[in-house]
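Here's the structure we're looking at; comments come further down.
The values are calculated or read from the model by the stated rules, or taken from the named source; none is laboratory data. The shown structure was predicted, so the numbers you read here are calculated from the model rather than taken from an experiment. Here the Cβ positions follow ideal geometry from the backbone for every residue, glycine too, while neighbour counts run over all protein chains shown.
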């Protein structure tokens, strides 16, 4: 099982990523050892995630979410 997730950073920006272990990945981001983007925007909060059956569909969904505007991402988070 793979996951696409969205984090809300301390500066109110959104970060989208994917992982096979969402708890471990969130801990990595929170410790400052995650993506370069989130390192200087701590703390981060998990605000959205989706489960996917395989890596390929997960990466395609991650790309699709990254193409959304901030407003569209907020609608997705609030749905």
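Odds and ends about this structure:
- Residue list for the range 31-41, restricted to those being in contact with a helix residue (DSSP H, G or I) (Cβ under 9 Å, 6 or more places away or on another chain) and either assigned to a helix (DSSP H, G or I) or touching a residue at least 40 places away in the same chain (Cβ under 8 Å) (or both): 38, 39
- Residue satisfying all of: in the range 25-56; surrounded by 14 or more Cβ atoms within 10 Å (Cβ to Cβ) and under 21 Å from residue 79 (Cα atoms); farthest from the chain's Cα centre (by Cα) among these: 52
- Within the range 32-60, being farther than 15 Å from residue 14 by Cβ and at pLDDT 95 or above holds for 51, 52, 53, 54, 55, 56, 57, 58, 59, 60.
- Those residues of the range 1-23 which are farther than 17 Å from residue 42 by Cβ and either more than 8 Å from the chain's Cα centre (by Cα) or without any contact (Cβ under 8 Å) to a residue 12 or more places away in the chain (or both), in sequence order: 1, 2, 3, 19, 20, 21, 22, 23
- There is at least one residue in the range 61-79 that is modelled with pLDDT under 95 and closer than 18 Å to residue 8 by Cα.
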